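The values are calculated or read from the model by the stated rules, or taken from the named source; none is laboratory data. Just so you know, these numbers come straight off a predicted model, no measurement behind them. As a convention, Cβ positions derive from the backbone with ideal geometry for all residues, glycine included, and neighbour counts pool all protein chains shown. Remember, those area values only see protein heavy atoms, side chains included, never the ligands or the DNA or RNA. Shrake-Rupley method; radii C 1.70, N 1.55, O 1.52, S 1.80 Å.
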Amino acid sequence: MITFKETDTYLLSKKGSTFDYPFDQEVRVYRVAGKIFALMVDKEPLSINLKCNPMYALELRSIYSSVIPGYHMNKKHWNTVMIEGDVDDKLLKELIDHSYTLIVESLTKKQREAIL
């Protein structure tokens, strides 16, 4: 099972990825070009909020009990993934990639060129 530190390292390995704590000292917010693609808290049970294509989000929720509508987020576009649940490390990384890609694709050409 992947740890907070391993997940954090993977999130920050994305080109242009940064983090901050805009809400409090617990919720770590990951951004690319200033836009949020993930939120995570270093406490048990470990979970992560990730942006997701709405249809894919519904599909994931119907398959995995540890994928639920995004906590404190737009439930159409965000999922909360309970990391200790039935989502394996490979799928978790794919979902992180998907979230990151959705945000990068929403950027202007100039913004994309600046980070890629």
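Evaluate the following for Leu58: is it open to solvent by 30 Å² or more (accessible area, probe 1.4 Å) and among the hydrophobic types (A, V, I, L, M, F, W, C)? Taking the combined requirement at face value, the residue satisfies it. Taking the criterion of being without any contact (Cβ under 8 Å) to a residue 60 or more places away in the chain and of a type in the set (Phe, Trp, Tyr), the residues of the stretch 12-47 that qualify are Phe19, Tyr21, Phe23, Tyr30. Might you let me know whether the stretch 67-82 holds any residue that is closer than 24 Å to Leu116 by Cβ, hydrophobic (A, V, I, L, M, F, W, C) and open to solvent by 60 Å² or more (accessible area, probe 1.4 Å)? Scanning the stretch 67-82 turns up no residue that is closer than 24 Å to Leu116 by Cβ, hydrophobic (A, V, I, L, M, F, W, C) and open to solvent by 60 Å² or more (accessible area, probe 1.4 Å). Taking the conditions (1) surrounded by 13 or more Cβ atoms within 10 Å (Cβ to Cβ); (2) more than 24 Å from Lys76 (Cα to Cα) in turn, Ser13 satisfies each one other than (1). Within the stretch 62-77, residues that are without any contact (Cβ under 8 Å) to a residue 24 or more places away in the chain reach partners that are open to solvent by 90 Å² or more (accessible area, probe 1.4 Å) with beta carbons closer than 7 Å, at six or more positions or on different chains, in the pairs Pro69/Lys75. Out of the residues in the stretch 28-48 that are among the β-branched types (Val, Ile, Thr) and open to solvent by 30 Å² or more (accessible area, probe 1.4 Å), which is farthest from the chain's Cα centre (by Cα)? Top of the filtered list is Val41. Among the residues of this structure, Leu102 counts as one that is surrounded by fewer than 18 Cβ atoms within 10 Å (Cβ to Cβ) and either in contact with a Gly (Cβ under 9 Å, 6 or more places away or on another chain) or not in a strand (DSSP E or B) (or both).
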